[in-house]
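Have a look at the structure below, then the notes.
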Amino acid sequence: MTSQTAHAIALQGLVKSFRGHGGPVRAVRAVDLVVERGETVALLGPNGAGTSTTLDMLLGLTEPDPQGRSATASASGRRRPVRNGSSSRV
């Protein structure tokens, strides 16, 4: 990635785990994704692949785990925090 502000969406090292009966369950494992302005992208995967969790984190509905590196998004230029140390524009 050259500059996160140049991309409509930029996810780097996105991670999310949940507590399971046998210990932590890693729902999202170090996702990297760049979407440029004007691109149309579909995020597809089988049940339990982490697609909904990834979108929830991008929208700020779910907070990524601290070990995730960064997540930024821009659509209208309005900024909102995604998690500590990163922000998004929606």
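What net charge is computed for the residues neighbouring residue 27, neighbours being all others with C-beta under 13 Å from the C-beta of residue 27, Lys and Arg scored +1, Asp and Glu -1?
Values: positive: 16, 19, 26, 29; negative: 56, 63, 65.
Here the count lands on +1.
Determine ³J(HN,Hα), in whole Hz, for all residues of the range 52-67 in sequence, where each value follows from phi through the Karplus function 6.51 cos²θ - 1.76 cosθ + 1.60 and θ = phi - 60°; x replaces Gly and Pro.
Going residue by residue, I get 5, 5, 4, 5, 4, 5, 4, 7, x, 7, 10, 8, x, 5, x, 6 Hz, with x marking Gly and Pro.
Rounded if a/c is under 1.5, else prolate if a/b beats b/c, else oblate: with a ≥ b ≥ c from the C-alpha gyration tensor eigenvalues square-rooted, which is the range 4-74?
Cα axes put the range 4-74 in the prolate bin.
If you rank 11, 58 by fewest surrounding Cβ atoms within 10 Å, what's the result?
Exposure proxy ranking, most exposed first: 58, 11.
Cut-off is 10 Å between beta-carbons; in what order do 29, 19 appear when sorted fewest neighbours first?
Going from least to most buried by this count: 19, 29.
Under a point spin-label approximation (7 Å from Cα along Cα-to-Cβ), what is the residue 55-residue 6 distance to one decimal in nm?
The modelled label-to-label distance comes out at 2.9 nm.
Only the coordinates and a few stated rules stand behind these numbers; no lab work does. All values derive from a computational prediction rather than experimental measurement. When we count neighbours, we look across all protein chains shown, and the Cβ atoms used for this are built from the backbone with ideal geometry, even at glycine.
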